[in-house]
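Trainee: Pasting in a structure now, in structure tokens, and then I'll have a few things to ask.
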Amino acid sequence: MPPQPPPPSPRVLVVDDDPTVTEVVAGYLDRAGFTVDRAADGPGALARAAANPPDLVVLDLMLPGLDGLTVCRRLREAGPVPVPVVMLTARGDEEDRVLGLEVGADDYVTKPFSPRELVLRVASVLRRTNGPPPGPAAPEAAELRGGGITLDPVARVASDGRGPLRLTLREFDLLAHFLRHPGRAFSREELMSSVWGWDFGDLSTVTVHVRRLRHKVETDPASPRLITTVWGVGYRFDGE
């Protein structure tokens, strides 16, 4: 039996109008085994993504033509499965980072950044996209139910009584974590460690994702019944 060809390398689209940044990022990603495509502005990013759909986009916020937030929003709306996005933001621009998460970015890295850190973030997001490797089902792969929600960690699909839930990668992982631990209160630090795999970082990331998740799973996000706030602690999933 002839040997099977290796699977194709994940395709990463790097979008930045600074050619030096693009060259450095592309070089590190290429050495890490990724196939890299490039774009220097917003319209070019959308055109490249349409011509060669990427597995992930590394996207600068400040772009000519169309800004990164608009590009991210259009990329998320382009297909049935939202493409993962890692945003590049200037250090100190917390409002921009929050807006990026609001429109669906899965992760962000602040400039100036370590290219090695960026590669690790890209690999982490892609691992979550691809799910667990084939093999015997682990407890983490069992179907989860609670609060009228059904979630399949292997197929990475979730639904409630209204139909399928369109979730970003981090929203999906956050919901899965809550469903695995109903009735338990988690601090934002604990959620960042368990869901994001970070031992440090901007805790507003967790706050924004909880808010976005509530808008997708709660009947009335302003008065949440499923993901409740535990004052002085964090959040708890109360669905049975």
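The values are calculated or read from the model by the stated rules, or taken from the named source; none is laboratory data. No experiment lies behind these values; they were computed from the predicted model shown. When we count neighbours, we look across all protein chains shown, and the Cβ atoms used for this are built from the backbone with ideal geometry, even at glycine.
Trainee: Has the range 106-114 got at least one residue that is among the charged types (D, E, K, R), touching a strand residue (DSSP E or B) at 6+ places or on another chain (Cβ under 8 Å) and closer than 16 Å to Thr168 by Cα?
Mentor: Yes.
Trainee: Taking the residues in the range 189-202 that are assigned to a helix (DSSP H, G or I), under 17 Å from the mean Cα position of the chain (by Cα) and not aliphatic (A, V, I, L, M) as candidates, determine which candidate is nearest to Leu101 (Cα to Cα).
Mentor: By that ranking, first place goes to Trp196.
Trainee: Any chance the range 203-218 includes a residue that's over 17 Å from the mean Cα position of the chain (by Cα) and not in a helix (DSSP H, G or I)? Don't jump to the end; show me each part of the working.
Mentor: Of the residues in the range 203-218, the ones over 17 Å from the mean Cα position of the chain (by Cα) are 217-218.
Still in the running and not in a helix (DSSP H, G or I): 218.
Yes - at least one qualifying residue is present in the range 203-218.
Trainee: When the range 53-84 is examined, which residues are found to be touching a strand residue (DSSP E or B) at 6+ places or on another chain (Cβ under 6 Å) and surrounded by fewer than 17 Cβ atoms within 10 Å (Cβ to Cβ)?
Mentor: Selection gives nothing.
Trainee: Continuing with this model, one more query. Considering the range 148-160 alone, what residues qualify as being at pLDDT 90 or above and either over 14 Å from His177 (Cβ atoms) or surrounded by fewer than 18 Cβ atoms within 10 Å (Cβ to Cβ) (or both)?
Mentor: Across the range 148-160, the qualifying residues are Gly148, Thr150, Asp152, Val157, Ser159, Asp160.
Trainee: Now for a different question. What strands (runs of 3 or more DSSP E) lie completely within the range 142-188 and have 1 or more residues being within 23 Å of Leu126 (Cβ to Cβ)? Let's see the steps before the verdict.
Mentor: Working: elements: 144-146, 149-152, 157-160, 185-187.
Where strands (runs of 3 or more DSSP E) fall fully within the range 142-188 and carry at least 1 residues being within 23 Å of Leu126 (Cβ to Cβ), they are 144-146, 149-152, 157-160.
Residue-wise test of (1) within 22 Å of Leu101 (Cα to Cα); (2) crowded, with 17+ Cβ neighbours inside 10 Å; (3) assigned by TED's automatic domain parsing to the domain that holds Leu126; (4) of a type in the set (S, T, N, Q).
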{"residue": "Gly183", "(1), (2), (3), (4)": "no, no, no, no"}
{"residue": "Ser204", "(1), (2), (3), (4)": "yes, no, no, yes"}
{"residue": "Val210", "(1), (2), (3), (4)": "yes, yes, no, no"}
{"residue": "Ala222", "(1), (2), (3), (4)": "yes, no, no, no"}
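Trainee: Related question: Identify, by number, the condition in (1) surrounded by 15 or more Cβ atoms within 10 Å (Cβ to Cβ); (2) more than 20 Å from Val103 (Cβ to Cβ) that Leu169 doesn't meet.
Mentor: (2)
Trainee: Let me ask you something else. Starting from the range 212-223, keep only residues that are touching a residue at least 40 places away in the same chain (Cβ under 8 Å), then list their pairs with residues that are part of a loop (DSSP other than H, G, I, E, B) and not polar (S, T, N, Q) whose Cβ atoms are within a distance under 6 Å, requiring at least 6 positions of separation or different chains.
Mentor: Within 6 Å, the pairs are Lys216/Leu165; Val217/Leu226.
Trainee: Turning to a different aspect of this structure: Kindly establish whether Ser124 is of a type in the set (S, T, N, Q) and at pLDDT 85 or above.
Mentor: no
Trainee: Among the residues of the range 8-25, is there at least one that is more than 30 Å from Lys216 (Cα to Cα) and at pLDDT below 80?
Mentor: Here is the first cut: in the range 8-25, the residues more than 30 Å from Lys216 (Cα to Cα) are 8-9, 16-25.
Still in the list and also at pLDDT below 80: 8.
Checking the range 8-25: at least one residue is more than 30 Å from Lys216 (Cα to Cα) and at pLDDT below 80.
Trainee: Additional query: Go through the range 28-68 residue by residue and tally those that are assigned to a loop (DSSP other than H, G, I, E, B) and within 17 Å of Val86 (Cβ to Cβ). If you could, list the steps in order and put the result at the bottom.
Mentor: So in the range 28-68, the residues assigned to a loop (DSSP other than H, G, I, E, B) come out as 32-34, 40-41, 52-55, 61-67.
Now restrict to residues that are within 17 Å of Val86 (Cβ to Cβ): 32-34, 53-55, 61-63, 67.
Matching residues across the range 28-68 total 10.
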